[in-house]
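**Student:** One structure follows; several queries about it will come next.
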Amino acid sequence: MAVASQQELVERIWERDPTLWTGDDEDKWLGWLDEPKRMQERVGDLTRFAEEARAEFTTFVLLGMGGSSLAPEVLKQTFGSNSLHVLDTTHPAMIRHSLESLELEKTLFIAASKSGTTLETTSHTNFFWEQTGGNGHQFVAITDPGSSLENHARQRGFRAIFAGEPTIGGRYSALSPFGIVPAALAGIDLERLLANAVRMADACRGDANPGLQLGLQLGEGWREGRDKVAINPNPGGFGLWAEQLIAESTGKQGKGLVPAPDEAPEGPDRQAAAVEIVDPYDIGAEFFRWEFAVAIAGSILEINPFDQPNVQAAKDKTKEVLASGTDPQLEPEGSLDELLAHAEPPNYVAIQAFIDPARERELQSLIDRAHETGCVVTRGLGPRYLHSTGQLHKGGPPTGLFVQVVDDYGAEIPIPNEPFGFGRLIRAQAEGDFQSLKERGRSIVRVRLGEET
């Protein structure tokens, strides 16, 4: 691509030109371009709020999924925060662990959902609302204006409500209140974090454009058949956030980049993508650089990087399973041996683990076995990955081979205001996604954790 046309790409993004992609409604989803500067104007208020909260509470629990949880989780890991925790699983073991480990009266809960209707977040919020005896002083909401979560937060007298920017999709919201409010509560210096983000935004207007260069690399690699993006390991787990950004933005119309955090970049279907974080505060710049890059890559793939047409499929299936009144038993199904025997690049093996997050290390033997195929191996915890890579699995290239892993969910934990508990919910989510992938002709098997060899 010539230098002139590269600059044209940049100008058209900043001019909000939807024809850079599909000419649909992309111009309505570019609020992230200006969000770092908008958030700078709110630093004083956010810092004061956080200081008051930290004077009263010792623990902060983020209740959110996908775009509402992944940036806070990566910020927590990057800065080594011990006070911020992210709950983005419906597994009863983790709910039980939360109850046992939290000093409830010293805990502030942050309910985060752009739509305000996210089933997992609603369930978590109602559960801890009941556990705290309905103490609104211990709750904060982050949501888009006019959502049902905002209405409930007002009715219940939440301590604070932070409005999201409606022109920013969830996976582009790291530098919006969805990432910045948890960062403030974790004691992160917002001025420094956002200053780095603003510097990167300014750099992404010019000639030596870091976001453009990364985006061109991603897009040109895809054109050459190197659609697996090997994101280098880093202590803060940045790949966890970048994974959703890439997968949900590009995985549609049978196309897509397959994010592969921590995978080796060597291979005919792979390309390396470097995370550039030397100092923890570099993450402010990296969030923006990768957002800009994926927007550029989307123009090369000729897709709309801001929609997610297939994410709803698994949600609808989950609702169907729950509405049926049955409780799926999630018995093993299909042959793992046969699935892996037919695996070769450009296939990738996606391990989808609806297990207690505390047992994630027990997946290693399965990961090692999948690597023997020579294929890229990705892994995600359910139901979190449904909000992250689920779009790619269903709408992206049909090269994925899927291994669903389940475990023992233990005694049921009721969810207030629902006819089902957390155990039945996670089983319905696993069964719903299994059915959704099978309907699309994807190859999928189900195994029990520890019994897959």
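**Student:** Taking the Cβ of M65 as the centre, find all other residues whose Cβ is under 9 Å away and add up their charges (Lys, Arg: +1; Asp, Glu: -1).
**Tutor:** Numbers: positive: R384; negative: D88, E120.
Overall, the nearby charge balance is -1.
**Student:** What does the convex hull of the alpha-carbon atoms of the range 315-367 project to on average, in nm²?
**Tutor:** 5.6
**Student:** Another question, then. Under 1.5 on a/c is rounded, so check that first for the range 107-196, then, if it is not, pick prolate when a/b is larger than b/c and oblate when it is not; a ≥ b ≥ c are the square roots of the alpha carbon gyration tensor eigenvalues.
**Tutor:** oblate
**Student:** Another question, if that's okay. State in Å² the accessible area per residue of the chain; use a 1.4 Å probe, count heavy atoms of protein chains only, and round to the nearest integer.
**Tutor:** Ligands and nucleic acids excluded, the result is 37 Å² per residue.
**Student:** For the cross-link pairs K315/K394; K255/K315; K252/K394; K228/K394, which exceed 18 Å when the distance is taken from alpha carbon to alpha carbon?
**Tutor:** Pairs exceeding the cut-off: K255/K315.
**Student:** Shifting gears a bit: For the chain, what relative contact order do you get, as a whole percent, if you take Cα pairs closer than 8 Å and at least 6 residues apart?
**Tutor:** 18
**Student:** Okay, moving on. Using amide H atoms built 1.01 Å from N in the peptide plane, name the residues 5+ places from A160, or on other chains, whose amide H lies under 5 Å from its own.
**Tutor:** A141
**Student:** Still on this structure, I have one more. Quick check on the chain: take the gyration tensor over C-alpha atoms, sort the square-rooted eigenvalues as a ≥ b ≥ c, and tell me if it's rounded (a/c under 1.5), prolate or oblate. Before the final figure, lay out the partial values.
**Tutor:** Values: a/c = 1.65, a/b = 1.03, b/c = 1.60.
Since a/c reaches 1.5 but b/c is at least a/b, the shape of the chain is classed as oblate.
**Student:** With every protein chain left in place, what is the accessible area of M94 in Å² (1.4 Å probe, nearest 10)?
**Tutor:** Only protein atoms counted, so the area is about 40 Å².
**Student:** First compute the accessible area of the range 1-68 with a 1.4 Å probe, then give the percent of it belonging to carbon and sulfur atoms.
**Tutor:** 46
**Student:** Right, here's the next one. In whole Å, largest first, what are the principal axis extents of the Cα atoms in the range 85-149?
**Tutor:** Cα spread of the range 85-149 along its principal axes, largest to smallest: 34, 26, 18 Å.
**Student:** For K106, list the lysines whose Cα falls under 25 Å from its own Cα; do not include residues on the same chain fewer than 8 positions away.
**Tutor:** Within the straight-line cut-off, K106 pairs with K76.
**Student:** Further question: Can you give the accessible area of E286, probe radius 1.4 Å, in Å² rounded to 10?
**Tutor:** Using a 1.4 Å probe on the heavy atoms, I get roughly 0 Å².
**Student:** Separate question: With a cap of 12 neighbouring Cβ atoms within 10 Å, and only residues DSSP puts in a loop, list the GluC sites (Glu not before Pro) found in the range 90-185.
**Tutor:** Of the GluC sites (Glu not before Pro), the ones in loops of the range 90-185 whose Cβ has at most 12 other Cβ atoms within 10 Å are E103.
**Student:** Provide R171, R199 ordered by accessible surface of protein heavy atoms (probe 1.4 Å), highest first.
**Tutor:** Ranking R171, R199 by accessible area, largest first, yields R199, R171.
**Student:** Which of the aspartates and glutamates could a cross-linker bridge to K28, judged by Cα under 17 Å and excluding same-chain residues fewer than eight apart?
**Tutor:** E11, E15, D17, D144, E165, E291, D307
**Student:** Same structure, new question: Share of the range 88-197's accessible area from carbon and sulfur, percent, 1.4 Å?
**Tutor:** Ligands and nucleic acids excluded, carbon and sulfur reach 46 percent.
The values are calculated or read from the model by the stated rules, or taken from the named source; none is laboratory data. Given the structure is predicted, the values throughout are model-derived calculations rather than measurements. Please note: Cβ atoms are built from the backbone with ideal geometry, for glycine as well, and neighbour counts cover all protein chains shown. Only protein heavy atoms, including side chains, enter the accessible area calculation; ligands, DNA and RNA are left aside. Shrake-Rupley method; radii C 1.70, N 1.55, O 1.52, S 1.80 Å.
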